[in-house]
Amino acid sequence: MAEQLHPEETVTSVLFLRHGHTLQTEAGRLYSDPKALLSEQGRTQIEALAELLEQEGYEKILSSTALRVQASAEIIAKKLKQEIILLPGLDEQSVGQWEGRSYLEIKKSDPELYKAWCADPIRNSAPDGESIEDLYLRVVKDLKKMLLDYKGQKLIFVTHAGVIRSAIIEALGMPIDNFWRLNIPTASASKIDYSHNFACLHFMANRARLS
């Protein structure tokens, strides 16, 4: 059996980390607000993640531009003694005019818009916002570029739930309608390995292990 069955492929390993807890998350509000800050609970969550990451050999830390994500990335970067690369391609879905509002508030004040959104929450969007489909297409496009730019490296992407859901759906070839069936809690990790021919999901939404 000296003949090689399959040619070796370069693997790019990506650990997707969702930012830590925020007060907006706790209040159940829709927000893409880049100025929303980490809570003390969120900071504690990320510090615990950083402890687990110290020996894993990740080479670069890429972060969304939102302050809560940058703050999460900075905690990890300090522990790993690395710099942060900011990438708008890792930013969360824009919720437009629904920024900072709860679903109940929207239902009461904009019942027709809310009804239309509920009929197809994947392809319909908030006024002046992105739909889930828009987000997914943006993430897939930007992810392909990032994987080329950092081919063969072990990367940490500190980002948002919507971005991570989109990446997992693309990696598994799932229909986009499964988007809301994936739960990505704050300060959780999901790992995907990418090669030229396939993507392999190792774990999703994990808080207990990072390798």
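Overview of values
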quantity	calculated
Cβ-Cβ under 9 Å pairs, at least 6 apart or on other chains, region 47-59 side within 13 Å of Lys81 (Cβ to Cβ) and in contact (Cβ under 8 Å) with a residue 40 or more places away in the chain, far side of a type in the set (Ser, Thr, Tyr) and outside any loop (DSSP other than H, G, I, E, B)	Tyr58/Ser13
Qualifying residue in region 105-113 (condition: in contact with a Phe, Trp or Tyr (Cβ under 6 Å, 6 or more places away or on another chain), at negative phi and of a type outside the set (Lys, Arg))	yes
Filter result (aliphatic (A, V, I, L, M), within 14 Å of Glu133 (Cα to Cα) and outside any helix (DSSP H, G or I)) within region 172-182	Met174
Helices (runs of 4 or more DSSP H) fully within region 9-126 counting 2 or more residues that are farther than 30 Å from Leu148 by Cα	23-27, 40-53, 103-109, 111-119
Region 183-200: number of residues that are surrounded by 15 or more Cβ atoms within 10 Å (Cβ to Cβ) and assigned to a loop (DSSP other than H, G, I, E, B)	5
Per-region count, region 155-181, residues buried (at least 18 other Cβ atoms within 10 Å of the Cβ) and either in contact with a Ser or Thr (Cβ under 6 Å, 6 or more places away or on another chain) or not β-branched (Val, Ile, Thr) (or both)	14
Some residue of region 144-157 being touching a helix residue (DSSP H, G or I) at 6+ places or on another chain (Cβ under 6 Å) and either of a type outside the set (Phe, Trp, Tyr) or more than 30 Å from Glu51 (Cβ to Cβ) (or both)	no
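Taken together, the values in this text are just the output of simple stated rules run on the coordinates, not laboratory data. Computed from a predicted model, the values in this text were never measured in an experiment. Note that each Cβ is placed from the backbone with ideal geometry, even for glycine, and that neighbours are counted across all protein chains shown.
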